[in-house]
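Take a look at the structure below.
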Amino acid sequence: MSPVLTVEGVTAGYGRVTVLHDISLEAGRFGNVGLFGPNGHGKTTLLRAISGLLKPRGGSIRFDGQDIAGLSARAIVGTGLIHVPQGNRLFPDLSIADCMALGAYSARARPHEAENREKVIKLFPKLAQRWRQRVRTLSGGERQMVSIGTALMSHPRLLILDEPTLGLAPKIKDELCASVLEISRGGVPLIVVEQDIEFLLELTQQLYLVNHGAVATEIKPGESLDHGEIMSMYFGH
Amino acid sequence: MSALAEILFGGLFQGSLYAMMAVGLALVWTTIGVFNFSHGVFMMLGAYIAWQLVELGLPAAVAFPVAVVVMAGVGWILQASVVRPLIGRPNIVLVVVITTLAAGSLIENGALTIWGPRSKQIPALIDGNTTIGGVGVSLHQIAIIVITPLILAALWVFLNRTRLGLALRAVAQNEDASHLVGLNVTALYGLAFAIAASLAGLAGIFMGGYRFMSPVMGSDPLLKALIVVVFGGISSISGPIFAAYLIGFFEAACSYYFGLYWTPALLFGVLILTLMVRPEGIFSSRSRGLA
């Protein structure tokens with residue numbers, strides 16, 4: 001299988017600070033991709049560069065053969081590459097119904113609005129009970145469901161999740177993991193950034209360790225790794 | 001009886017004008033997070049454009065709507081020229097205070113050059129006078145009292161019941177997340193400014209119909225609108241609307257009992273008290289958002 005997303009030699013940062021140094025990776029060749037590594041080493045910055053929130057200073061990002069580096073976030077949403085940002089803050093004073101309508105805002109997603117809404121409700125029945133409630137009043141797990149649900153309303157061809165389990169209780173994490181797995185089985189490839197390695201091993205087939213703004217190690221499917229090895233990658237030898 | 005009627009009528013009338021102005025300020029603040037100090041100039045320009053169109057021979061029923069639409073364009077252009085290039089700067093709030101003040105001053109002096117210092121007046125919405133509860137009032141003022149709530153209600157319906165209004169509310173709450181659902185954030189910023197400028201222009205047309213116009217006619221209403229948004233809070237548009245009418249009634253009562261001379265001092269007294277007790281405004285929460 002050819003990769004869905006190819007990141008080649010991307011450099012990006014904020015102001016005078018460079019966060020990503022010539023980073024390269026591929027996604028979609030072996031299934032879902034997981035990114036892990038210490039905080040503050042560029043995982044979120046990489047996702048922001050991919051989804052157009054941050055203009056890369058150099059390098060190329062190809063999604064399904066099309067070069068998307070430097071396109072606006074809106075244009076990238078139009079290609080079906082959908083990014084669920086970290087922290088499930090989303091739109092605190094909008095209702096779940098409003099968020100779902102926003103998810104289907106792009107011209108590409110609008111014709112599929114009803115069908116995608118069915119999907120979201122089937123995946124997260126809890127949301128249907130709180131449909132008119134403001135996002136602010138929901139629990140952390142429910143807010144994460146809204147974030148992912150909104151992304152599904154955008155009719156994704158590739159879904160990027162940034163630390164979906166951040167701050168969630170273990171039981172909620174497991175439920176969320178099952179739901180995300182179901183999305184993946186429905187034919188949407190994933191890129192997941194996570195600190196919880198168990199969660200990543202459950203969901204993804206290929207892992208990248210991101211360190212100092214570049215890929216430090218790539219773990220292909222079939223290559224085993226144990227907890228100790230990951231710990232030593234995090235903290236050095 | 002006539003005292004009550006006078007205060008009630010004066011409050012409703014002033015409150016209507018303040019509400020039209022304050023809602024635009026609040027709309028721009030909630031969506032973009034900046035204060036637009038050229039808002040008073042929008043009011044003046046709306047009135048002068050309407051006057052010019054009437055002078056050219058257009059009937060008021062055509063001239064007024066055209067002036068309001070032209071003002072939407074003016075708002076859009078101002079946003080694109082002195083606000084949009086600065087978005088993303090860390091000190092944007094202060095910088096935009098300066099750029100909008102500068103643009104306002106430029107437009108004000110431009111109006112002075114084009115139209116001259118002589119006071120002008122545009123036709124009233126409805127000619128004639130009547131008496132209500134022993135108070136003589138003009139039909140123009142009554143028309144304003146009736147039309148303003150309808151326009152504000154239409155704005156509410158637009159924000160809360162349409163897809164585009166939903167997009168504006170979304171941008172107000174989270175800019176990054178708005179980009180990620182594919183909203184055209186720059187266009188929505190332009191739209192917020194365009195709506196605000198139209199409403200201010202309409203307020204100017206209302207004012208030019210019963211008071212003489214001058215190039216500086218917008219500065220006092222801008223000041224009052226600022227008091228209203230500080231008093232009512234700027235995190236929503238309903239807060240400033242209620243506050244506008246409250247301030248209107250307060251002003252009417254003050255000028256009736258204490259005289260026009262003391263009204264501004266009392267008004268600022270109430271403002272200072274509000275800032276001490278509830279700095280986020282009396283109808284407001286601490287977060288930004290249109291509701």
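The values are calculated or read from the model by the stated rules, or taken from the named source; none is laboratory data. Since this is a predicted model, take the numbers as computed values, not measurements. FYI the Cβ positions are ideal-geometry reconstructions off the backbone, even for glycines, and counts take in every protein chain you see. Quick note on the areas: whole protein, heavy atoms, side chains included, nothing else; ligands and nucleic acids left out. Shrake-Rupley method; radii C 1.70, N 1.55, O 1.52, S 1.80 Å.
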How many residues are at pLDDT 90 or above and not in a helix (DSSP H, G or I) if we restrict to the stretch A:174-204? 10
Only residues in the stretch B:35-48 that are touching a residue at least 60 places away in the same chain (Cβ under 8 Å) and open to solvent by 10 Å² or more (accessible area, probe 1.4 Å) count as the first member; pair them with residues that are part of a helix (DSSP H, G or I) and hydroxyl-bearing (Ser, Thr, Tyr), Cβ under 7 angstrom, at least 6 apart or cross-chain, and list the lot. B:Phe37/B:Thr100
Could you tell me whether any residue of the stretch A:210-219 is within 14 Å of chain B (Cβ to nearest Cβ), part of a strand (DSSP E or B) and among the charged types (D, E, K, R)? no
Reported set for the stretch A:1-41 where residues are touching a helix residue (DSSP H, G or I) at 6+ places or on another chain (Cβ under 9 Å) and touching a residue at least 60 places away in the same chain (Cβ under 8 Å) is A:Leu5, A:Val19, A:Leu20, A:Ile23, A:Leu25, A:Gly31, A:Asn32, A:Gly34, A:Leu35, A:Phe36, A:Gly37, A:Pro38
Of all residues in the stretch A:76-111, count the ones that are more than 7 Å from chain B (Cβ to nearest Cβ), closer than 21 Å to B:Gln173 by Cα and either in a loop (DSSP other than H, G, I, E, B) or open to solvent by 10 Å² or more (accessible area, probe 1.4 Å) (or both). 6
Within the stretch B:1-32, take every residue that is of a type outside the set (A, V, I, L, M, F, W, C) and open to solvent by less than 10 Å² (accessible area, probe 1.4 Å) and give me the one that is farthest from B:Leu106 (Cα to Cα). B:Gly11
Residues satisfying the stated conditions in the stretch A:115-157, i.e. touching a strand residue (DSSP E or B) at 6+ places or on another chain (Cβ under 9 Å) and under 15 Å from A:Cys177 (Cα atoms): A:Gln144, A:Ser147, A:Ile148
Those residues of the stretch A:85-104 which are at pLDDT 95 or above and under 27 Å from A:Phe63 (Cβ atoms), in sequence order: A:Cys99, A:Met100, A:Ala101, A:Leu102, A:Gly103, A:Ala104
Looking at the structure I just gave you, is B:Ala167 more than 16 Å from B:Ala26 (Cα to Cα), within 14 Å of chain A (Cβ to nearest Cβ) and open to solvent by less than 50 Å² (accessible area, probe 1.4 Å)? yes
Filtering the stretch A:112-137 for residues that are free of Cβ contacts under 8 Å to residues at least 40 places away in the same chain and open to solvent by less than 40 Å² (accessible area, probe 1.4 Å) leaves a count of 3
Restricting the search to the stretch B:216-249, which residues are open to solvent by less than 10 Å² (accessible area, probe 1.4 Å), assigned to a loop (DSSP other than H, G, I, E, B) and touching a residue at least 60 places away in the same chain (Cβ under 8 Å)? B:Gly218, B:Ile237
Could you look through the stretch A:55-67, keep only residues that are within 17 Å of the chain's Cα centre (by Cα) and surrounded by 20 or more Cβ atoms within 10 Å (Cβ to Cβ), and pick out the one that is farthest from B:Gly182 (Cα to Cα)? A:Ile61
Residue count, the stretch B:121-137 (criterion: within 15 Å of B:Ala60 (Cβ to Cβ) and buried (at least 17 other Cβ atoms within 10 Å of the Cβ)): 4
Restricting to the stretch B:152-163, count the residues that are within 21 Å of the chain's Cα centre (by Cα) and either free of Cβ contacts under 8 Å to residues at least 40 places away in the same chain or at the interface with chain A (Cβ under 10 Å from one of its Cβ atoms) (or both). 5
For B:Thr100, only one of the following conditions fails: (1) open to solvent by 80 Å² or more (accessible area, probe 1.4 Å); (2) more than 18 Å from B:Gly204 (Cα to Cα). What is its number? (1)
Per-region count, the stretch B:180-196, residues facing chain A (nearest Cβ under 7 Å) and surrounded by fewer than 23 Cβ atoms within 10 Å (Cβ to Cβ): 1
Number of the condition not met by A:Arg74 [criteria: (1) within 18 Å of the chain's Cα centre (by Cα); (2) in contact (Cβ under 8 Å) with a residue 40 or more places away in the chain]: (2)
Is there a residue being open to solvent by 30 Å² or more (accessible area, probe 1.4 Å), touching a helix residue (DSSP H, G or I) at 6+ places or on another chain (Cβ under 8 Å) and within 14 Å of chain A (Cβ to nearest Cβ) anywhere in the stretch B:255-262? no
